[in-house]
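The values are calculated or read from the model by the stated rules, or taken from the named source; none is laboratory data. Everything quoted here is computed from the prediction, not taken from an experiment. Every residue, glycine as well, gets a Cβ built from its backbone with ideal geometry; the counts of neighbours run over all protein chains shown. The protein model used for the area step is the full one, side chains on, heavy atoms only, and it has no ligands, DNA or RNA in it. Shrake-Rupley method; radii C 1.70, N 1.55, O 1.52, S 1.80 Å.
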Amino acid sequence: MISLIICTLNEEKYLPMLLDSIHTQEGVYEVVVVDGNSFDATVEVVNAFAKKSKQPVRLVAMECRGPSTQRNKGVEVATYNNLLFLDADVVLPQGFLKESLRQISEKNIPFAGTKIYAAEQAAKYRITYWLYSNYYLPLMRFFNPVIHGCSIFTTKEMHYKIGGFQQDVTFEDFRYSKMAARYFRPVLLKNTYVRTSARRYYNATPREFAELMLSGIYSMFKAGMDG
């Protein structure tokens, strides 16, 4: 049993793909969508999904928005002790929840993440995310056991022990996993991954794309090292 926590702000384009991929998952779970007062059709997307879902779907509306604030609120209202934080633009492969929870249960893992690959077919996105997940992320984890925020498994006990997601910090997901490392070194689950959009790079020129990647890598490394 697990609570899937999704933060949204104007995600009518991407959220349906995530929800459809959740609908195919096995097991007992609930979907908690914490919306930051979207002005597009995000709420309608959630409500439509709730009508066809065999698992509970809960929509929480918040005037005060922000990834950390919304994630922390999601934990407050979550039913189950096991938690999975998901970005709204990811897609879960078939069998993702079953395999992930099997590993977590067998090894009693309180904090874990997965590899991430690009959802787009374009080679530049596929190659970039493949290199990130298979080379950069494992290398960086020698120094800081960080987990990418688009798919974080943890528990309520661990969440409250580390004080939840900190607000007004850069890369709050990396900070979150670093704080968790004080009690348990976060692990990357084997043979699991999510696909995520590369939308932040859509309008970038090749040079801008490279600069964004390099600055992002540096910033994420710094966020992991930062106190």
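Of S105, S100, S53, all but one fail to be open to solvent by 70 Å² or more (accessible area, probe 1.4 Å), hydroxyl-bearing (S, T, Y) and more than 16 Å from C7 (Cα to Cα); the exception is S105.
Scan segment 30-51 for residues that are part of a loop (DSSP other than H, G, I, E, B), closer than 22 Å to V75 by Cβ and not small (G, A, S) and the total you get is 1. If I ask for residues that are surrounded by fewer than 16 Cβ atoms within 10 Å (Cβ to Cβ) and either touching a residue at least 12 places away in the same chain (Cβ under 8 Å) or among the β-branched types (V, I, T) (or both), which ones from segment 71-91 would you list? Within segment 71-91, V77, T79, N81 meet the criteria. S68 meets the conditions (1) open to solvent by 50 Å² or more (accessible area, probe 1.4 Å); (2) in contact (Cβ under 8 Å) with a residue 60 or more places away in the chain; (3) of a type in the set (S, T, N, Q) in every case but one. The failed one is (1). Residues that are at pLDDT 95 or above and open to solvent by 10 Å² or more (accessible area, probe 1.4 Å) were ranked within segment 147-161; the one that is farthest from N82 (Cα to Cα) is K161.
Say we look at segment 21-47 and pick out the residues that are without any contact (Cβ under 8 Å) to a residue 40 or more places away in the chain and of a type in the set (A, V, I, L, M, F, W, C); which of these is most open to solvent (accessible area, probe 1.4 Å)? Step by step, filter segment 21-47, then rank; the result is F39. Mind checking which residues of segment 115-136 are farther than 17 Å from I147 by Cβ and either open to solvent by 20 Å² or more (accessible area, probe 1.4 Å) or not small (G, A, S) (or both)? A119, E120, Q121, A122, A123, K124, Y125, R126, I127, T128, W130, L131, listed by residue number. Can you find a residue that is without any contact (Cβ under 8 Å) to a residue 60 or more places away in the chain, on the phi > 0 side of the Ramachandran plot and in contact with a helix residue (DSSP H, G or I) (Cβ under 7 Å, 6 or more places away or on another chain) anywhere in segment 10-20? Within segment 10-20, one or more residues are without any contact (Cβ under 8 Å) to a residue 60 or more places away in the chain, on the phi > 0 side of the Ramachandran plot and in contact with a helix residue (DSSP H, G or I) (Cβ under 7 Å, 6 or more places away or on another chain).
The numbered conditions (1) closer than 14 Å to V90 by Cα; (2) part of a loop (DSSP other than H, G, I, E, B); (3) not hydrophobic (A, V, I, L, M, F, W, C) are all true for G27 except (1). Please give the number of the condition M17 fails out of (1) at pLDDT below 95; (2) open to solvent by 10 Å² or more (accessible area, probe 1.4 Å); (3) not aromatic (F, W, Y). Among (1) at pLDDT below 95; (2) open to solvent by 10 Å² or more (accessible area, probe 1.4 Å); (3) not aromatic (F, W, Y), M17 violates only (1).
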